[in-house]
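Shown next, in structure tokens, is the structure this report addresses.
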Amino acid sequence: MAAGSGVRVILFPDNQPHVQVRGVEPGEEVRVICPLTSSLRMMQLLETANALTHLGAVKKELVLPYLMAARYDRLMQPGDSFDLEVVAGLINSCGFEKVVLFDVHSEVALQLIHHSVAVDNRLLVTQYQHPDAILICPDAGAAKKINHYREWNPHISDTVFCTKKRDLATGHLTLTVSEPEKCRDRNCVIIDDICDGGATFLAIAQQIQPAHLTLIVTHGIFSKGFTALLSRFQEIIVSNSYAESYNAPTVKTVPINYENFQIN
């Protein structure tokens, strides 16, 4: 959990988490790296920040490779909890001087989390090496980044857009590729921030006939495994923000170099 110091993580029989921070001196500047992948990890972060306070350390920087609740960035339906607001409040209570977010889902996180800065997904986009490729943009959020993608990777030569609607009550997804004929017998790449079950990307793949299809996602949850995805995609590129590695063929895990983060 922590860079530059040791953290011992304990889980008591009643599921109470506990941490012990070692090797930190009063006044020492500390950087903590913690992928928030679960509520348990959230509690461990809160306890680590508390321990650092009692040690008299300077909580200089918190790096969150993955941010739990980033997708629940607004009230969806009456009676809902605003999950990102809750998580942001907990992060703010830790008292770090800077919070670094890696390819965060929306700008709302930057608005809610104090002293936060964003790191983009250039590390992953530059891994793509297939020439004269079509970039397939899955939704409005991804569309905001296409100029950056074409700037960072000269192999991307054209763009195809999609329209996507999700029924918030049922979760049912409706997606249409606007110009599927442009993808025929071409190298194609889909770039997005998160892959959960993969329904969005499979819906795109079913509507096109590419020569080669690559999926690039920063945060790979892959909650439904890889069988369906690998039947459609010849290559998947993902960071280790959510999991250290993935036991699946043709999946390339790109490790994050935290020392060379490019902050937006």
message: Whether any residue in the stretch 225-233 is touching a helix residue (DSSP H, G or I) at 6+ places or on another chain (Cβ under 7 Å) and farther than 15 Å from PRO138 by Cβ is what I want to check.
response: yes
field: Pairs, first on the phi > 0 side of the Ramachandran plot and in the same structural domain as GLY225 (by TED's automatic domain parsing) in the stretch 174-198, second among the polar types (S, T, N, Q) and modelled with pLDDT of 95 or more, C-beta under 8 Å, six or more apart
entry: ASP185/GLN209
query: From the list LEU110, LEU90, LEU101, which one is part of a strand (DSSP E or B), modelled with pLDDT of 95 or more, assigned by TED's automatic domain parsing to the domain that holds THR48 and within 21 Å of the chain's Cα centre (by Cα)?
result: LEU101
query: Does ILE236 satisfy the condition of being in contact with a helix residue (DSSP H, G or I) (Cβ under 7 Å, 6 or more places away or on another chain) and either in contact (Cβ under 8 Å) with a residue 60 or more places away in the chain or outside any loop (DSSP other than H, G, I, E, B) (or both)?
result: yes
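Yes or no, residue by residue, for (1) touching a Phe, Trp or Tyr at 6+ places or on another chain (Cβ under 8 Å); (2) buried (at least 18 other Cβ atoms within 10 Å of the Cβ):
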site: GLU28; (1), (2): no, no
site: LEU40; (1), (2): no, no
site: THR48; (1), (2): no, yes
site: HIS54; (1), (2): no, no
site: VAL58; (1), (2): no, no
site: LEU64; (1), (2): yes, yes
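The values are calculated or read from the model by the stated rules, or taken from the named source; none is laboratory data. Since the structure is predicted, the reported quantities are computational estimates derived from the model, not experimental observations. A quick note on method: Cβ atoms are made from the backbone with ideal geometry, for glycine too, and the neighbour counts reach across all protein chains shown.
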